[in-house]
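Here is the structure we will look at.
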Amino acid sequence: MERLDKFLCDSGVGTRSQVKVILKSGRVTVDGKPEKDSARKIDPNVQVICLDGEPLGGKRRVVLMLNKPEGFVTATEDKNDRTVMELLPPEYKHLDLKPVGRLDKATEGLLLFTNDGDLLHRLISPKKEVPKVYYARHEGTAGEADIAAFAAGLTLRDGLNCLSAKLEPLGPGESLITVCEGKYHQVRRMMASRNMTVLYLERRQEGGLTLGDLPRGAVRELSKEEISSLDKM
């Protein structure tokens, strides 16, 4: 059993305050009868809850893509810095969304959010080896020895062992880096270990998802087909 207002919020109807207004308007029915009591206990497995005559299915699984700008930390809250949660549109803020993995404060690009805990853990698990592609501007120019070192798996100065990664030079001071894990400042540290200090970093792809033409700072909701592709990883 759960409260009716919580069920409506989880179904994506709106925030708690919006749900209260909707309930007062008489638009919600439980087993065909109008219900205005937000605290009423209901059993979604037994009862049929409708909004404007349309059945609701309970918690709506949502995955969002953000084109993260620099200057925001990837955290649900922080005492000192602005967080990526501030960039989510108001209509999503009641859905208990959490960032999938982490981009550091200075790194821009693709960052996913979801309220599906199982999906979140699958995407960040090194065992799943979900590829993530980064574009970097850096000091120096990557050569054949650097490409081979990335492919073999780097061991950083602090003893951290990195899985095999792909380094693709694009020209002087520019490269694409593909990694299948997400350790702390990993791409920057890997490049620094080869004497190529990163000046700018952007994540462009995660699995089969790309930023496309999503503007910096903008958010879009993934389609059912896109979410299905994540489920298959």
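Which residues does a label at D96 reach in the stretch 1-37, if reach means a backbone N under 13 Å from a point 7 Å past the Cα toward the Cβ?
Hits in the stretch 1-37 for D96 at 13 Å: 2-3, 6-12.
Highest mean first, how do 59-70, 203-214 rank when packing is the count of other Cβ atoms within 10 Å averaged over residues?
In descending order of packing, they fall as 59-70, 203-214.
I'd like the distance between the alpha-carbon centres of the stretch 109-149 and the stretch 185-201, rounded to an integer number of Å.
13
Considering amide H positions built from the backbone, and no H for Pro or chain starts, which residues 5 or more places from E174, or on another chain, come under 5 Å of its amide H?
Here H138, A142 satisfy the definition.
I need the P(r) histogram for the stretch 153-231: all alpha carbon pairs, bin width 10 Å from 0 out to the longest distance, whole percents.
Percent of Cα pairs in each bin: 14, 41, 30, 14, 0.
Along the principal axes of its C-alpha atoms, what lengths does the chain span, in descending order and rounded to whole Å?
Sorted from largest, the Cα extents of the chain read 72, 33, 33 Å.
Whole-Hz ³J(HN,Hα) for each residue in the stretch 173-178, computed from phi via Karplus 6.51 cos²θ - 1.76 cosθ + 1.60 with θ = phi - 60°, x for glycine and proline: what do you get?
So the J values, rounded to whole Hz, are x, 9, 8, 10, 10, 10.
What is the packing order of peptides 99-112, 169-182, taking the mean over residues of other C-beta atoms within 10 Å and listing the highest first?
So the order, starting with the most tightly packed, is 99-112, 169-182.
So for the pair E70, S223, with labels modelled 7 Å out along Cα→Cβ, what separation do we get in nm?
For E70 paired with S223, the spin-label model returns 3.4 nm.
What are the ³J(HN,Hα) values, in whole Hz, obtained from phi via the Karplus relation 6.51 cos²θ - 1.76 cosθ + 1.60 with θ = phi - 60°, for each residue of the stretch 193-201 in sequence order, with x given for Gly and Pro?
Along the stretch 193-201, the couplings run 5, 9, 6, 10, 4, 6, 9, 8, 9 Hz.
Take the residue pairs K24/K79; K166/K224; K6/K224 and return only those whose Cα atoms are more than 26 Å apart.
Flagged as over cut-off: K24/K79; K166/K224.
Hey, what number do you get for the chain at 222 nm if only DSSP H runs of n ≥ 4 count, each worth -39500 (n - 2.57), divided across all residues, to the nearest 500?
It comes out at -5500 deg cm²/dmol, rounded to the nearest 500.
Amide H to amide H under 5 Å from K98: which residues, 5+ apart in sequence or cross-chain, H placed 1.01 Å off N in plane?
Distant-sequence amide H within range of K98: T114, N115.
What list of ³J(HN,Hα) values in whole Hz, one per residue of the stretch 81-93 in order, does the Karplus curve 6.51 cos²θ - 1.76 cosθ + 1.60 (θ = phi - 60°) give from phi, with Gly and Pro shown as x?
In residue order, the calculated couplings are 10, 6, 10, 5, 5, 5, 8, 6, x, x, 5, 9, 6 Hz.
Straight-line reach from K20: which aspartates and glutamates have Cα under 17 Å away, leaving out those fewer than 8 places along the same chain?
Straight-distance partners of K20: E2, D5, D10, E35, D37, D52, E91.
For the pairs K68/K127; K41/K98; K93/K183; K98/K132; K98/K128, note any where the Cα-Cα span goes beyond 21 Å.
Correct reply: K68/K127; K41/K98; K93/K183.
Rule-based calculations on the coordinates, nothing more; no lab input. These figures come from a predicted structure and were not determined experimentally. Positions of Cβ are backbone-derived with ideal geometry, glycine not excepted, and every protein chain shown enters the neighbour counts.
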